[in-house]
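Right, one structure below, let's go through it.
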Amino acid sequence: MKRSRGFVCAALAVTIAFSAAAFAACGGGDDSEIYEEDEIVPIALQDDYAAEKVVTQGFAVGTATEEKGAFALPRLVGDNMLLQANVVNRVWGQSSENGEIAAQILKKDGSAEAVYYGTVQNGVFEIWLGKHGYGSGYGLRLVTKSGKSVTLKNVAFGELWIGGGQSNMGWTMEQCYRGTTSRLLYQKEIDSSANDDIRLFRVFYHNSEEPTDDVANADGWNTAQPSTVAPFSAAGYFFAKELNARYNVPVGVIQSCMGGTPIHTWMPESVMNEAVGSSTNAEYADSRLYNGMIHPLRKVTARGVLWYQGEGDFNSYDVNYGLLMKGWRAAFGRENMWFTTVTLPRYPDADAYFACREQQKAASLRDPYATYSVNIDCGLLPKDVAEGDTLNPQGIHPYDKKPVGERAAHVTMRDLYGAKGVWSGPVLKSAKISGNKVVVTFSNVGKGLALQGRFGFELADKSNPKLLHNAAVRVVSENKIEVYCDQVKTPVKIVYGRANDDLDAIESYADCVCLFNTKGDEKAIAYPAEQFVYSF
């Protein structure tokens, strides 16, 4: 039995309410489980967003003369761009000529597949494009009534996501090291990354007191290749790569994030009167990065947002994150814009990170268009920070971004796209006291529970409910475990996934969790159980 820990923290008391909400959402009832085999069904989401704005009648488009100077387009509208498939999109910009304007979708042979119309007023236009199926290699020609045109090349239609948050969303493939900054953890993945069906766009830092209309960006849309993947978000890239591999459709990610930023700076002013607290950082004051880095994206039709933020920002995070989702959806004009939340991995500040993960989970469970992934076995130990990495105090920027991106893709596949089977870890279903032990039942166990790692469970005794003791665990059935501790005679609280072990003694943060589900005929370890607090 490992040593006991004294633990007095208001944050944990707050999390009990959130865990109770998660427990209620998961449901109780009998102990039966349906072990579905994994099945990925084609994406068949129906969305009538802005269908009434599509105009298909207008002037006859004849011979057009390429004249790039006749148009000024935002950075998001250009060669290699990806538009959301099977949903109405818009293209916008400026033209030197007022009046009618058309947008032609061109096949690979240059012939027109469809044409849509808009109007240039005071030099500004928007054209709404009708729904289009998945594919890449298209052209998009903008044509004025007088015949001036510009053609955008290699346009794709696929699944479009915005990668938002702070430094761990922005942490790049070429910053994921293996021991030293001269060796990369994902060198093979970078070298083999060429893929025309993955499209990447980086929004550069822009701090603004007022909402802006165009993003700061120097390199436009790019297809995935070593030179464009290396400086791109590792979590965002692996998310896109996994979705592309699973569905065989184009996937695009717009990376718009900034390190060291509180959630308040990403919230639009429209919701700040409901927010709890405000930013104490003058550079990242309320709404400033929303104004400069998210507001300019509002005309994009994105399927959803991949959100990775919260380090050091756990106070009332569930309320503020809910408001952020509300504000972004209003700005984009889409009430069903999806949010997939990357819940935080491990870090030496175990209590604060535990509290933030509970609040991230609570906000996602309350929202009908949100989900979350679990990464409590991931993280970078302080002793494993790569030699030469000066941006990683105590391992706040983990290098293991591949499981983070893939798990976010997996819960998105299940909760948004309708994939069947097991795509995340075991979830608390019920807990009951049996003598001096606690019997815990889980849902989503796949082919059964399995133990791996050194510890993860803690118990508190009635004699001192604030003192948590490391507890032993054994599997008693496919979906049940038994948790016990010599120092605990009358259990009153069980906690999983909070504490870190001796950081100098463990090999990785994976030692700090011990419960997983399994998949496949060979019952391979699949996903870690999500954390919880339960009081009796």
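The values are calculated or read from the model by the stated rules, or taken from the named source; none is laboratory data. This one's a predicted model, so the numbers in the text were calculated from it and none came from an experiment. Note that we place each Cβ from the backbone using ideal geometry, even for glycine, and neighbour counts take in every protein chain shown. Only protein heavy atoms, including side chains, enter the accessible area calculation; ligands, DNA and RNA are left aside. Shrake-Rupley method; radii C 1.70, N 1.55, O 1.52, S 1.80 Å.
Some values worked out for this structure:
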| item | result |
| --- | --- |
| The chain: angle of helix 317-332 to the longest principal axis, Cα-based, in degrees nearest 10 | 10 degrees |
| Other-chain or far-sequence residues with amide H under 5 Å of Leu106's (modelled H) | Glu113, Gly139, Leu140, Arg141 |
| Where the chain is the region considered: accessible area per residue in Å², 1.4 Å probe | 38 Å² |
| Hydrodynamic radius by Kirkwood, which averages 1/r over all alpha carbon pairs of the range 91-140, in angstrom | 11.7 Å |
| Rounded to whole Hz, the Karplus (6.51, -1.76, 1.60) HN-Hα couplings of the range 230-241, x for glycine and proline | 3, x, 9, 3, 5, 4, x, 5, 5, 4, 5, 4 |
| Relative intensity, log₁₀ I(q)/I(0), of the range 288-441 from a Debye sum that treats every alpha carbon as a point, q = 0.14 Å⁻¹ | -0.82 |
| Counting all C-alpha pairs of the range 364-504, share separated by more than 24 Å (%) | 47 percent |
| Cα gyration tensor, the range 279-378 - rounded (a/c under 1.5), prolate or oblate | oblate |
| The range 156-170 and the range 411-441: distance between their alpha carbon centers, rounded to Å | 28 Å |
| Nearest-10 value in Å² for the accessible area of Asp349, using the 1.4 Å probe | 80 Å² |
| Rounded to 5, the percent of DSSP beta bridges in the chain classed as antiparallel | 70 percent |
| Accessible surface of the range 399-536 [probe 1.4 Å, protein heavy atoms]: carbon and sulfur percent | 47 percent |
| Share of Cα-Cα pairs in the range 160-315 lying beyond 29 Å, as whole percent | 21 percent |
| Probe 1.4 Å - accessible area at Tyr417, Å² to nearest ten | 10 Å² |
| Note, ³J(HN,Hα) from phi for the range 416-421, Karplus 6.51, -1.76, 1.60, rounded to Hz, x at Gly and Pro | 9, 8, x, 5, 9, x |
| Relative contact order [Cα under 8 Å, 6+ residues apart], the chain, whole percent | 16 percent |
| Whole-number percent relative contact order across the range 139-290, with pairs defined as alpha carbons under 8 Å at least 6 apart | 29 percent |
| Val124 accessible area, 1.4 Å probe, all protein chains in place, Å² to nearest 10 | 70 Å² |
| Residues whose placed amide H lies under 5 Å from that of Arg346, excluding near-sequence neighbours | Cys378, Gly379 |
| Distance between the range 210-224 and the range 92-144 - C-alpha centres, whole angstrom | 20 Å |
| Descending principal axes extents, the range 276-324, alpha-carbon based, whole Å | 31, 22, 17 |
| Dipole axis of the chain (+1 Lys, Arg; -1 Asp, Glu on Cβ), positive-most option in Thr343, Val533, Ala230 | Val533 |
| Reach of Lys523 by Cα under 19 Å, taken over lysines that are not fewer than 8 positions away in the same chain | Lys420, Lys447, Lys480 |
| Distant alpha-carbon pairs in the range 424-536 (separation over 25 angstrom), percent | 19 percent |
| Share of alpha-carbon pairs per 5 Å distance bin for the range 322-389, given as whole % | 3, 15, 21, 17, 14, 12, 8, 6, 3, 0 |
| Cα coordinate range in the chain, projected on the principal axes (Å, largest first) | 86, 50, 47 |
| Cα centroid separation - the range 253-314 against the range 35-91, whole Å | 26 Å |
| Built amide H within the under 5 Å cut-off of Glu100, gap 5+ | Val120, Lys145 |
| Val476 versus Asp504: modelled label distance in nm, points set 7 Å from Cα along the beta carbon direction | 3.9 nm |
| Extension reserve of the Thr181-Asp389 stretch, reckoned as 0.36 nm per residue once the Cα distance is removed | 74.3 nm |
| Residues of type aspartates and glutamates that Lys108 reaches as a straight line, Cα spacing below 17 Å, ignoring anything fewer than 8 places off in the same chain | Asp79, Asp196, Asp197 |
| Charge context of Val271, other residues only, Cβ under 15 angstrom, K/R +1, D/E -1 | -2 |
| √(5λ) per eigenvalue of the Cα gyration tensor, the range 213-253, largest first, Å | 20, 12, 9 |
| Lys, Arg +1 and Asp, Glu -1 on Cβ, resulting dipole of the range 306-448 about Cα centre, debye, nearest 20 | 780 debye |
| Dipole axis of the chain (+1 Lys, Arg; -1 Asp, Glu on Cβ), positive-most option in Asn517, Pro262, Gly277 | Asn517 |
| By average C-beta atoms within 10 angstrom, highest first, the peptides 276-287, 47-58, 405-416 | 405-416, 276-287, 47-58 |
| DSSP-assigned coil residues among GluC sites (Glu not before Pro) in the range 443-536, each with at most 13 further Cβ atoms within 10 Å | Glu507, Glu522 |
| Share of carbon and sulfur in the accessible heavy-atom surface of the range 224-266 [1.4 Å probe, %] | 50 percent |
| Anchor Lys188: lysines whose Cα lies under 22 Å away (excluding residues fewer than 8 positions away in-chain) | Lys241, Lys401, Lys402 |
| Helical mean residue ellipticity (222 nm; -39500 (n - 2.57) per DSSP H run of 4+; nearest 500) of the chain | -5500 deg cm²/dmol |
| Residue among Ser508, Ser477, Gly497 farthest towards the positive dipole end of the range 397-536, charges placed on Cβ | Ser477 |
